[in-house]
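The structure under discussion appears below in the form of structure tokens.
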Amino acid sequence: MAALEVPTRVHGTDERLPSLFTAQVESRVLDHTARWLRAQGHGYYTIGSAGHESNAAVASALRPTDPALLHYRSGGFYSARAHQLDGHDPVRDVLAGMLALADEPIAGGRHKVFGNHALNVIPQTSTIASQLPRALGVALAIARGRRLRIETPWPRDAIAVCSFGDASANHSTAQGAINAAAYAAHAGLAVPLLFLCEDNGLGISVPTPVGWVEASFSHRAGLRYEQADGSDPLDVLATTERLVDEVRRSRRPALLHLATVRYLGHAGTDVEAGYRSVADIRRDREHDPILGTARALVRSGSATPEDLIGEYATITERTRRLALALADAPPLRTRAEVMVPLSPRDAGRVAKIAATSAAPAVRAESFPQGLPEDEGPLTLAETINRTLADVLAATKHTLVFGEDVAVKGGVYGVTRGLQKRFGAARVFDTLLDEQSVLGNALGAAVSGQIPIPEIQYLAYLHNAIDQLRGEAASLSFFSNGQYRNPIVVRIAGYAYQRGFGGHFHNDNALASLRDVPGVVIASPAHPSDAAPMLRTCVAAAIADGTVSVYLEPIALYHARDLHADGDGVWLSPYAPPSTWPDEHVPIGSGRLVRDGDDVLIVTWANGLRMSLEAAKRLAAGGVSCRVFDLRWLAPMPIDEMLVHAADVGRVLVVDETRRSGGVGEGVIAGLVEAGFTGPMTRVAAADSFIPLGDAADLVLVSVDEIVDAASRLTGRVVD
């Protein structure tokens, strides 16, 4: 039984009821057809929307230009939305998804989701409730577009809508997104967002306590709450219209709690009788939304029972006939076809955008204390700060935000002064919730903006990794490139901070990032690379919709010297725009930092600094080291490494991440697979969390370890 019980009632009439009935029946018939196809040896998806078809009425109360982020029981909504615009056949769309056909309109056979770019339905691509943070981001982006007077794909009075189930409402991702929406509204921000909680009272087999959803959300500060009975279409239409009008007018979030039922179990393999009583299952039959719409049509005189039964039969026949016709249509047939949307690369366009600065007058206004190229040598932190300012000056759609980013200017001062120069609409602080930070970015990205969110520390990313792995990285793949996530996620990371933080501020774990398809990982060590690499990441976002992670080594933020006090080796002058074309750093290109003949040291970030220190000691002992900086951890510059490895003959990988799952594994595997057969070894951090104080040195790579490893590799003892 649904957790929210409202007595069935039918009153009045509505001219949308006939089309609503059609959409609901199409959805129900598709659910039955999915199981029929499986029985015929066709089709791959049987999670249905049966019992939830009242969401079609929600779609009818919205505009087709309102962006929708739907969960997997939104078949009625999708069908109703498709009928709001000419030229769309929701039945064919959904069948093509079930059959994994290459011409399916959103995922192209890669997944079964409700999505359609022309219908402004953004597909959910990850796990339970994962679309809620993005939905909030879309709503904020709509409001931000109005404030900044920049175009988004949505009208300026659009509202976002996001559906999810009662069980999903308990997920931390959902709770965080709803809290963030209420928080933003309470803070005075415009949040034109309608949450739609479809409550069938079950999470697969686990019942939701009666009244729980209402108790959780009905008195939430900053959030308007309304209930509707899904078996009464006129109630759903009237309640939704009232709520939508209020959200559109007030620009404040609301939650519609829709009482639904669930038919056909959770999916085709689910046997409800194993965990539900016969009485409960029968009771749900009294709340069928399709019968509710049929009653309303008959009582209003708009149709007879025979008319509606005939329409049901006609839709069933057409759907089955179309399903059989599509059963032999081509799916994706090659690996290349599957992977096409993953990581498009227009290197020429990226280089051109990366070399483009704001007009001289705009730059002068953006740097009121003087242009950065006139400041003299800068640290890594200073260089990133100046580069962000140049990016904000050059592209009005760029945004910089995160925890403590705006007023404070970041924990390490990297974003200091940016809000004062570019305004609170483009450089802003967020609440302390990494899922919401990334969700804000995801919504901005699909809305035509270029977000550069900051995750304050690498360890904090793990709280929200699904927003990056499951949503940001996969959207282009599961929308066949129709939706993209042009994002540059800045993360302060790695170890070697002195006197600060222990594990949570010195994390060195990158395994969760390294295997994400299509994601670019940049990690500059030196100021001379920091600016061109950041510009490349932003340019790739603009040109190709690339998702980039820009890892900044905290311990090098304020470094100035390398071998001796005052040598200034870890400083670099900021390049003027006239030199940017020549200094461009393409994605996946490494850098030869020191030449040598006896051993090739492959490293990056803090490892580069330590390797250069070790190389000086080794040179004094007669060992000549060639030092190669990866710069990009995904994709890696394997071909460049191979050339140097073949030339030198010995390879030492200096890996500051953990030995298991660390970056060094990928370096060695890449060289072996590319054909290198010479001796190789690796020094890496221990498989340990990083303790506080000097004990950290016991589990991290050191200069002494590098010297010892190179000595063993060459057979020469160097102190």
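The values are calculated or read from the model by the stated rules, or taken from the named source; none is laboratory data. In this text, all values refer to a predicted model and were calculated from it rather than measured experimentally. FYI the Cβ positions are ideal-geometry reconstructions off the backbone, even for glycines, and counts take in every protein chain you see. These accessible areas exclude ligands, DNA and RNA; they are computed on the full protein's heavy atoms, side chains included. Shrake-Rupley method; radii C 1.70, N 1.55, O 1.52, S 1.80 Å.
Assorted remarks:
- In segment 482-504, the qualifying residues are those that are basic (Lys, Arg) and at pLDDT 80 or above, and the one that is most open to solvent (accessible area, probe 1.4 Å) is Arg484.
- The sole residue among Gly664, Gly715, Gly678 that is out of contact with any helix residue (DSSP H, G or I) (no Cβ under 9 Å at 6 or more places or on another chain), at pLDDT 95 or above and either closer than 30 Å to Ala347 by Cα or of a type outside the set (Val, Ile, Thr) (or both) is Gly664.
- For segment 546-558, filtered to residues that are of a type outside the set (Val, Ile, Thr) and open to solvent by less than 10 Å² (accessible area, probe 1.4 Å), the residue that is nearest to the chain's Cα centre (by Cα) is Ser548.
To keep it simple, each residue is scored yes or no on (1) part of a strand (DSSP E or B); (2) under 14 Å from Ser250 (Cβ atoms).
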| site | (1), (2) |
| --- | --- |
| Glu151 | no, no |
| Pro155 | no, no |
| Ala169 | no, no |
| Thr173 | no, no |
| Ala177 | no, no |
| Ala180 | no, no |
| Ala190 | no, yes |
| Leu194 | yes, yes |
| Glu198 | yes, no |
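- Of the numbered criteria (1) in contact with a Ser or Thr (Cβ under 6 Å, 6 or more places away or on another chain); (2) open to solvent by less than 50 Å² (accessible area, probe 1.4 Å), the one Ala686 fails is (1).
Yes/no per residue for (1) under 16 Å from Gly97 (Cβ atoms); (2) out of contact with any Ser or Thr (no Cβ under 8 Å at 6 or more places or on another chain); (3) open to solvent by 10 Å² or more (accessible area, probe 1.4 Å):
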residue: His42; (1), (2), (3): yes, yes, yes
residue: Thr46; (1), (2), (3): yes, no, yes
residue: His52; (1), (2), (3): no, no, no
residue: Asn55; (1), (2), (3): no, no, no
residue: Ser60; (1), (2), (3): no, no, yes
residue: Leu70; (1), (2), (3): yes, no, no
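- Applying the condition of being open to solvent by less than 60 Å² (accessible area, probe 1.4 Å) and assigned to a helix (DSSP H, G or I) to segment 335-348 and asking which residue is farthest from Gly588 (Cα to Cα) yields Val338.
- Residue list for segment 306-316, restricted to those being under 27 Å from Leu99 (Cβ atoms) and either loosely packed, with under 15 Cβ neighbours inside 10 Å or modelled with pLDDT under 95 (or both): Ala313, Thr314
For every residue, the table says whether it meets (1) open to solvent by less than 30 Å² (accessible area, probe 1.4 Å); (2) at pLDDT 95 or above.
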site: His117; (1), (2): no, yes
site: Ala129; (1), (2): yes, no
site: Arg144; (1), (2): yes, yes
site: Asn179; (1), (2): no, yes
site: Ala182; (1), (2): yes, yes
site: Leu193; (1), (2): yes, yes
site: Gly203; (1), (2): yes, no
site: Pro207; (1), (2): no, no
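- Any hit, segment 456-464, residues being in contact (Cβ under 8 Å) with a residue 60 or more places away in the chain and not in a loop (DSSP other than H, G, I, E, B): yes
Results for (1) touching a residue at least 12 places away in the same chain (Cβ under 8 Å); (2) open to solvent by 60 Å² or more (accessible area, probe 1.4 Å), shown as yes or no for each residue.
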residue: Ala267; (1), (2): yes, no
residue: Ser277; (1), (2): no, no
residue: Arg283; (1), (2): yes, yes
residue: Pro289; (1), (2): yes, no
residue: Gly292; (1), (2): yes, no
residue: Arg299; (1), (2): yes, yes
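Per-residue answers, yes or no, for (1) at pLDDT 95 or above; (2) more than 23 Å from Thr152 (Cβ to Cβ); (3) not aromatic (Phe, Trp, Tyr):
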| position | (1), (2), (3) |
| --- | --- |
| Asp390 | yes, yes, yes |
| Arg416 | yes, yes, yes |
| Gln449 | yes, no, yes |
| Ala459 | no, yes, yes |
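- Hey, Leu600 of a type in the set (A, V, I, L, M), touching a helix residue (DSSP H, G or I) at 6+ places or on another chain (Cβ under 6 Å), under 26 Å from Leu700 (Cα atoms) and modelled with pLDDT of 95 or more or not: yes
- Flag if Leu700 is touching a Phe, Trp or Tyr at 6+ places or on another chain (Cβ under 8 Å), surrounded by fewer than 23 Cβ atoms within 10 Å (Cβ to Cβ) and assigned to a helix (DSSP H, G or I): no
- Selection from segment 206-228 of residues that are of a type in the set (D, E, K, R), assigned to a strand (DSSP E or B) and in contact with a His (Cβ under 8 Å, 6 or more places away or on another chain): Glu226
So that you can scan it fast, the table gives a plain yes or no per residue for (1) free of Cβ contacts under 8 Å to residues at least 40 places away in the same chain; (2) at negative phi; (3) charged (D, E, K, R):
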residue: Val648; (1), (2), (3): no, yes, no
residue: Leu652; (1), (2), (3): no, yes, no
residue: Thr657; (1), (2), (3): no, yes, no
residue: Gly662; (1), (2), (3): no, yes, no
residue: Glu665; (1), (2), (3): yes, yes, yes
residue: Ile668; (1), (2), (3): yes, yes, no
residue: Gly678; (1), (2), (3): yes, yes, no
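- Filter result (at negative phi, at pLDDT below 95 and more than 35 Å from the chain's Cα centre (by Cα)) within segment 2-35: Glu5, Val6, Pro7, Thr8, Arg9, Val10, His11, Thr13, Asp14, Glu15, Arg16
- Flag for Asp529 being more than 21 Å from the chain's Cα centre (by Cα), closer than 27 Å to Ala441 by Cα, among the charged types (D, E, K, R) and open to solvent by less than 30 Å² (accessible area, probe 1.4 Å): yes
- Every test in (1) out of contact with any strand residue (DSSP E or B) (no Cβ under 7 Å at 6 or more places or on another chain); (2) part of a loop (DSSP other than H, G, I, E, B); (3) in contact (Cβ under 8 Å) with a residue 24 or more places away in the chain; (4) open to solvent by less than 60 Å² (accessible area, probe 1.4 Å) is passed by Asp561 save one, and that test is (3).
- Residues within segment 363-391 that are of a type in the set (D, E, K, R) and assigned to a loop (DSSP other than H, G, I, E, B), tallied: 1
- Criterion (under 28 Å from Asn179 (Cβ atoms), touching a residue at least 40 places away in the same chain (Cβ under 8 Å) and either open to solvent by less than 60 Å² (accessible area, probe 1.4 Å) or not small (Gly, Ala, Ser) (or both)) met by exactly one of Leu255, Leu237: Leu255
- Tally of residues being in contact with a helix residue (DSSP H, G or I) (Cβ under 7 Å, 6 or more places away or on another chain), among the aliphatic types (A, V, I, L, M), open to solvent by 10 Å² or more (accessible area, probe 1.4 Å) and assigned to a helix (DSSP H, G or I) across segment 392-432: 1
- Among the residues of segment 641-682, just one is over 21 Å from Ser702 (Cα atoms) and among the hydroxyl-bearing types (Ser, Thr, Tyr), namely Thr677.
- Per the conditions (1) on the phi > 0 side of the Ramachandran plot; (2) touching a helix residue (DSSP H, G or I) at 6+ places or on another chain (Cβ under 9 Å); (3) modelled with pLDDT of 95 or more, the sole criterion not satisfied by Gly188 is (2).
- Checking each residue in segment 317-334 for being part of a helix (DSSP H, G or I), hydrophobic (A, V, I, L, M, F, W, C), open to solvent by 20 Å² or more (accessible area, probe 1.4 Å) and farther than 11 Å from Leu30 by Cβ picks out Leu324, Ala325.
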